[in-house]
2 protein chains.
Amino acid sequence: MPVDHLGIAVRSLAEALPRWEGPLGATASPPEVVDSQRVRIAFLDAGSTHLEFLEPTAPDSPVAKFLETRGEGLHHLAFAVPNVDRKLAELDSAGYRLIDRVARTGARGRRIAFCHPSAFDGVLVEFVEGEP
Amino acid sequence: MPVDHLGIAVRSLAEALPRWEGPLGATASPPEVVDSQRVRIAFLDAGSTHLEFLEPTAPDSPVAKFLETRGEGLHHLAFAVPNVDRKLAELDSAGYRLIDRVARTGARGRRIAFCHPSAFDGVLVEFVEGEP
């Protein structure tokens, strides 16, 4: 199952992106606000996968809380799946703890769902519908 | 620049791997001990990149200390580069803080080097020589 993207929580996209663009030899996408998660997001291509930089847009957003307790850094790991609903059903019946029992709309209008970090050894795992 | 692998720190490979193998539909590689880092490592294919699971083999290993302070979870992000020495020189001259100023031997006998997390927004970034 391919990695769709890797989420990285930062305080400021404007400050973080140039630090990555040089060494990676890539230019970030124009930032996009995802209201449901109260974040501003920009992507950077890294081979066949992507880095997703997340800047909170509100102090009560999950990413703002993550920054408060853990600081900047690796935030989540997303896999691309053909069908998110089928994957959720499969995980649920195998006893994996889910955050989203129903898929919701994420960045770039794609259907996404998160599992609880306790399901995957402390890693916040996301499933995204479609090709990476 | 392609992602070579994503490192995930766990207390026990034997307990963690089956949790990932099912949902990812992949089988982990046989564990390998990397003495220089005092870890036992197993890889799981994820599309054109890999998940690298790290279990400490000694209580004073960097991964053991990470587990103590942060718990299990995402540990580092590795990019594949054609030449690690050239990448280190490029980063050094651009003012990026490095952990390794000289490449060393990592898992699967590959040449690797780590940058300090403060260089990349809290992310421990590794460069690995060769194809992912």
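Readers should treat all values here as calculations from the given coordinates under stated rules, not as data from a laboratory. Remember, it's a predicted structure, so these values are computed and weren't measured experimentally. Because the Cβ atoms are built from the backbone with ideal geometry, glycine has one as well, and the counts that use them run over all protein chains shown.
How much mean residue ellipticity at 222 nm does the protein assembly as shown get from its helices, if each DSSP H run of length 4 or more adds -39500 (n - 2.57) and you divide by all residues, to the nearest 500 deg cm²/dmol?
Taking each H run of at least 4 residues, the total per residue is -7000 deg cm²/dmol.
Which lysines does B:Lys87 reach when only Cα atoms under 28 Å apart count, and residues fewer than 8 places away in its own chain are ignored?
Of all the lysines, those that pass the test against B:Lys87 - Cα under 28 Å, at least 8 places apart if same chain - are B:Lys65.
Taking B:Asp85 in one copy and the same position in all the others, each labelled 7 Å out along Cα→Cβ, what are the pairwise distances from the first, in nm, shortest first?
B:Asp85 label point versus its equivalents elsewhere: 5.7 nm.
Local charge sum around A:Gly25 (other residues, Cβ-Cβ under 12 Å, Lys/Arg +1, Asp/Glu -1)?
Cβ neighbours under 12 Å give a net charge of -2.
Can you list, shortest first in nanometers, how far B:Gly25 lies from the same residue in the other copies, with each label 7 Å from Cα toward Cβ?
Shortest to longest, the spacings are 3.2 nm.
I need the peptides B:113-122, B:98-107 ranked by packing, meaning the mean over residues of other C-beta atoms within 10 angstrom, with the highest value on top.
Top of the packing list down: B:113-122, B:98-107.
Which ³J(HN,Hα) values in Hz, rounded to whole numbers, follow from the phi angles of the stretch A:95-103 under the Karplus curve 6.51 cos²θ - 1.76 cosθ + 1.60, where θ = phi - 60° and Gly and Pro get x?
In residue order, the calculated couplings are x, 6, 7, 10, 8, 9, 8, 10, 5 Hz.
Can you pull the one-decimal nm distance between simple spin-label points at B:Asp85 and A:Val33, each 7 Å off the Cα toward Cβ?
5.1
I'd like the mean, over residues of A:1-9, of how many other protein chain beta carbons sit within 10 Å of each residue's own Cβ.
That works out to 5 on average.
Quick one: which residues, 5+ away or cross-chain, put their amide H under 5 Å from the amide H of A:His75? H built at 1.01 Å from N.
Amide H to amide H, under 5 Å and 5 or more residues apart or across chains, A:His75 pairs with A:Gly7, A:Ile8, A:Ala9.
I'd like the Karplus ³J(HN,Hα) series for the stretch A:73-90: coefficients 6.51, -1.76, 1.60, θ = phi - 60°, whole numbers in Hz, and an x wherever there's a Gly or Pro.
Result, rounded to whole Hz: x, 4, 10, 7, 10, 10, 10, 8, 10, x, 8, 5, 4, 5, 5, 4, 5, 4.
Tell me the relative contact order for chain B as a rounded percent, counting alpha carbon contacts under 8 Å between residues six or more apart.
Contact order relative to length: 27 percent.
Provide the per-residue ³J(HN,Hα) series for the stretch A:108-118, in order, calculated from phi with Karplus coefficients 6.51, -1.76, 1.60 and θ = phi - 60°, each as a whole number of Hz, with x at glycine and proline positions.
Karplus-based 3J(HN,Hα) across the stretch A:108-118 equals 6, x, 8, 7, 9, 7, 10, 9, 6, x, 5 Hz.
Show the residues, 5+ positions off or on another chain, whose built amide H is closer than 5 Å to the amide H of A:Leu98.
Close amide H contacts, sequence-distant or interchain: A:His116.
Rg and Dmax of the stretch B:3-129, using alpha carbons, in Å: what are they?
Cα only, the stretch B:3-129: 14.4, 44 Å (Rg, Dmax).
Nearest 5 percent is fine: what portion of the DSSP beta bridges confined to the protein assembly as shown is antiparallel?
70
Going 7 Å from Cα along the Cα-Cβ axis for the label, what nanometre distances separate A:Gly71 from the same residue across the other copies?
Here the equivalent label points are 1.8 nm apart from this one.
Give me the percent of DSSP beta bridges within the stretch B:3-129 that run antiparallel, rounded to the nearest 5.
70
Please list, ordered by chain and number, the residues whose modelled amide H lies under 5 Å from the amide H of B:Thr57; skip anything fewer than 5 residues away on the same chain.
Those lying under 5 Å, H to H, from B:Thr57 are B:Val39, B:Arg40.
What does the extension gain come out to for A:Arg70 and A:Arg97, with contour length at 0.36 nm per residue minus their alpha carbon separation?
Result: 7.5 nm gained on full extension.
Report the Cα-based extents of the protein assembly as shown along its three principal axes, largest first, to the nearest Å.
Principal-axis extents of the Cα atoms in the protein assembly as shown, largest first: 48, 41, 32 Å.
What does the structure give for A:12-20 when I average, per residue, the other chain Cβ atoms found within 10 Å of the residue Cβ?
What the average comes to for A:12-20 is 2.
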